[in-house]
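Beneath this line is the structure, given in structure tokens, with notes to follow.
The values are calculated or read from the model by the stated rules, or taken from the named source; none is laboratory data. This structure is a prediction, so every number in the text was calculated from the model and none was measured. Here the Cβ positions follow ideal geometry from the backbone for every residue, glycine too, while neighbour counts run over all protein chains shown. Protein only, heavy atoms only, side chains kept; ligands, DNA and RNA dropped before computing areas. Shrake-Rupley method; radii C 1.70, N 1.55, O 1.52, S 1.80 Å.
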Amino acid sequence: MAARGASRSASDNEAWWKSAVVYQIYVRSFADTDDDGIGDLPGIVEHLDYLQELGIDVIWLSPVYRSPQEDNGYDVSDYQDVDPLFGTLEDLDRLLAAVHLRGMRLIMDLVVNHTSDQHPWFLASRGSREAATSEWYFWRDARPGTVPGEPGSEPNNWGASFGGSAWEWVPERGQYYLHLFARSQPDLNWDNPETREAVYTMMNWWLDRGIDGFRMDVINFISKDPRLPDAPLNRDGYGDGMPYFSHGPRIRDYLAEMKHRVFDSRPGSYLTVGEMPGVTPEQARDFTDQVHGQLAMVFQYEHVTLDADGDKWTHRRMSVNDLRDTLAKWQTALGESGWNSLYWNNHDQPRVVSRYGNDTTYWRESATALATVLHLHRGTPYVFQGEEIGMTNTRFAGIDDFRDIESLDHYTRAVGTHGEDAAVVLDILRRRSRDNARTPMQWSAASGAGFTTGSPWIGVNPNHSWLSVAAQRGAPGSVYEYYRALIALRHRLPVVVDGHFAAIDTGRDQIYAFRRQLGDVTLTVHANLSDLPVSVDRDRRPRDLVLANYPRSRIDLDRLEPWEVRVYVR
Ligand code: TEU
């Protein structure tokens, strides 16, 4: 990609994000320069050369806006300022300029399904029905015939994502407000045109500052069924309102309006990726349709919920078949008209090498095999910080080691309210907690992992003694060097970006194989996604091999070793 300055030109008009690799930075855990144990914006600037060497085209910053940090920044109290924890607006401008100078781009997280309860919009709204922002949130009276403010008088039976009822009583106003997430994250009322205008104005302000797009937090939740009806009960005894707020009646109108009011009048194109829990392949194809769609791509959830039984706290064994079928289904469904985002990890997911791979015996092999199938799919791949060195889940000794609002809430509720066995609850938290993703980036074997010289806000994974950037950069055969080669393949071969996808049935349960086709070029991936070797039909020519995660001297054309992957192009 050619170097570019902060200004955009008409030549940026093509869908540049199709050939890009995105790197997600969870700023709080990336690099700390002021020794307060929390990562910051200057810390990112120090590592831009590293990201460039890796081959990254776009950086996505998790929220750095002013925030009480109840949900680590997904509770915004000022959309147009940087939280002092991370630096200043000037630091952000400097980062943006440094990113652009290297020919890379930067997108911001956009959290507009809800604000923080400390946002001035909400403070005014909760204070008075006469306030200018009175109708900017969902305010409802108590259920008729009940005593307002008493349990059971909530306007409907929905539960909140981080526990309890989705409604909070506000005596000053004599009404309840809706919060699909924590009590400190009131939902914005998108049905109110002024609310929408305020969001678009803010988005335009950021784009004028030079950013290259947005990752949109739970954007498929912004349109709610205006009746807000009761819903069938889930395991926790609350109604699951998903059918009434996910993909609501006006979602397409709002996203089309946003596109029109924010993006259409600007030269060039922008990376817009909507996070959409529960989105179906058909909906995703329509949202990302290259002609009529509203977004560049969406984050779907199906492949990261295959090991959960109903809710994320109930584990279920996932088979290679489940995974292969899901991945192939999304590739085929979005086909040539839509566009996929490709991800294993983010700040909400446990580390994939511990989850779907094998983080002991076949750590290196499974990290690289999973990377290969993901990156060689059709779509835009996302690397979550540390994934490129094969970072794993960590060891949490006890509940005091957790920081995440969702994890802590689950523990309190399961152990405190429902009397479940603490050891059992801790076990599932160790496996599923979002904090697995949030341990500090492992730069080196130093005591703070090279992340901080202070006391880190969350414990460093003890395996940084051997698992780090310092140990892998320049080391032949490392996970890091493999990621570099994989990313380089995308930048070198148009078939990786534009090739048609077709699954290959090898008749072997452990193998995921597929083909990408562009003109007369065919790229083929054969991956053994298991701990057992498997025999294969000998039909490949070794000289077509462009990438492999076992040493070439060890390649046996009649079998795939555990987690072995081979990529052929001819
Ligand atoms: O996550 C959306 C979401 O649905 C999460 O609740 C997700 O399902 C959960 O983390 C899985 O356990 C987004 C953000 O990515 C997340 O960090 C925020 O906490 C959430 O929205 C609220 O803003």
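Quick notes on this structure:
- Residue match in segment 516-531 (condition: in contact with a His (Cβ under 7 Å, 6 or more places away or on another chain), surrounded by fewer than 19 Cβ atoms within 10 Å (Cβ to Cβ) and of a type in the set (S, T, N, Q)): yes
- The set of residues from segment 405-431 being in contact with a helix residue (DSSP H, G or I) (Cβ under 7 Å, 6 or more places away or on another chain) and either open to solvent by 60 Å² or more (accessible area, probe 1.4 Å) or farther than 22 Å from ARG351 by Cβ (or both) comprises ALA414, VAL415, GLU420, ALA422.
- Yes/no for PHE287 being surrounded by 15 or more Cβ atoms within 10 Å (Cβ to Cβ), farther than 30 Å from ARG317 by Cα, touching a residue at least 40 places away in the same chain (Cβ under 8 Å) and within 16 Å of the ligand (Cβ to nearest atom): no
- Consider segment 40-63 and keep the residues that are among the charged types (D, E, K, R) and buried (at least 17 other Cβ atoms within 10 Å of the Cβ). The one that is farthest from the ligand (Cβ to nearest atom) is ASP57.
- Filtered residues of segment 71-90 (kept if open to solvent by less than 30 Å² (accessible area, probe 1.4 Å), more than 14 Å from the ligand (Cβ to nearest atom) and either in contact with a helix residue (DSSP H, G or I) (Cβ under 8 Å, 6 or more places away or on another chain) or assigned to a loop (DSSP other than H, G, I, E, B) (or both)): VAL82, ASP83, PHE86, GLY87
Yes or no, residue by residue, for (1) at pLDDT below 95; (2) surrounded by fewer than 22 Cβ atoms within 10 Å (Cβ to Cβ); (3) within 16 Å of the ligand (Cβ to nearest atom):
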position: VAL320; (1), (2), (3): no, yes, no
position: SER341; (1), (2), (3): no, no, yes
position: GLN349; (1), (2), (3): no, yes, yes
position: THR360; (1), (2), (3): no, yes, no
position: ALA369; (1), (2), (3): no, no, no
position: TYR382; (1), (2), (3): no, no, yes
position: THR392; (1), (2), (3): no, no, no
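- Scope segment 263-284; condition open to solvent by less than 20 Å² (accessible area, probe 1.4 Å), farther than 22 Å from GLN24 by Cβ and either among the aliphatic types (A, V, I, L, M) or not in a loop (DSSP other than H, G, I, E, B) (or both); matching residues: PRO281
- For segment 290-318, a residue qualifies if it is polar (S, T, N, Q), assigned to a loop (DSSP other than H, G, I, E, B) and surrounded by fewer than 17 Cβ atoms within 10 Å (Cβ to Cβ), and exactly one does: GLN290.
- PHE162 falls short of the stated requirement of being buried (at least 22 other Cβ atoms within 10 Å of the Cβ), part of a helix (DSSP H, G or I) and within 16 Å of the ligand (Cβ to nearest atom).
- Boolean, THR305 is under 18 Å from the mean Cα position of the chain (by Cα) and more than 16 Å from the ligand (Cβ to nearest atom): no
- Considering the conditions (1) surrounded by 17 or more Cβ atoms within 10 Å (Cβ to Cβ); (2) touching a Pro at 6+ places or on another chain (Cβ under 9 Å); (3) not β-branched (Val, Ile, Thr), MET203 is excluded by exactly one of them, (2).
- Test: residue in segment 316-333 that is hydroxyl-bearing (Ser, Thr, Tyr) and either under 24 Å from HIS247 (Cα atoms) or in contact with a Phe, Trp or Tyr (Cβ under 6 Å, 6 or more places away or on another chain) (or both): yes
- Any hit, segment 259-274, residues being hydrophobic (A, V, I, L, M, F, W, C), over 16 Å from TRP206 (Cβ atoms) and away from the ligand (no atom under 16 Å from the Cβ): no
- The residue list GLU135, GLU150 contains one member that is surrounded by fewer than 14 Cβ atoms within 10 Å (Cβ to Cβ) and not hydrophobic (A, V, I, L, M, F, W, C), which is GLU150.
- Against the numbered list (1) assigned to a helix (DSSP H, G or I); (2) in contact with a helix residue (DSSP H, G or I) (Cβ under 8 Å, 6 or more places away or on another chain); (3) open to solvent by 30 Å² or more (accessible area, probe 1.4 Å), ALA503 comes up short only at (1).
- Residue that is farthest from the ligand (Cβ to nearest atom) [pool: residues in segment 208-244 that are among the aromatic types (Phe, Trp, Tyr) and open to solvent by less than 20 Å² (accessible area, probe 1.4 Å)]: PHE214
- Odd one out for GLU194 among (1) within 24 Å of TYR74 (Cα to Cα); (2) touching a Leu at 6+ places or on another chain (Cβ under 8 Å); (3) open to solvent by 20 Å² or more (accessible area, probe 1.4 Å): (2)
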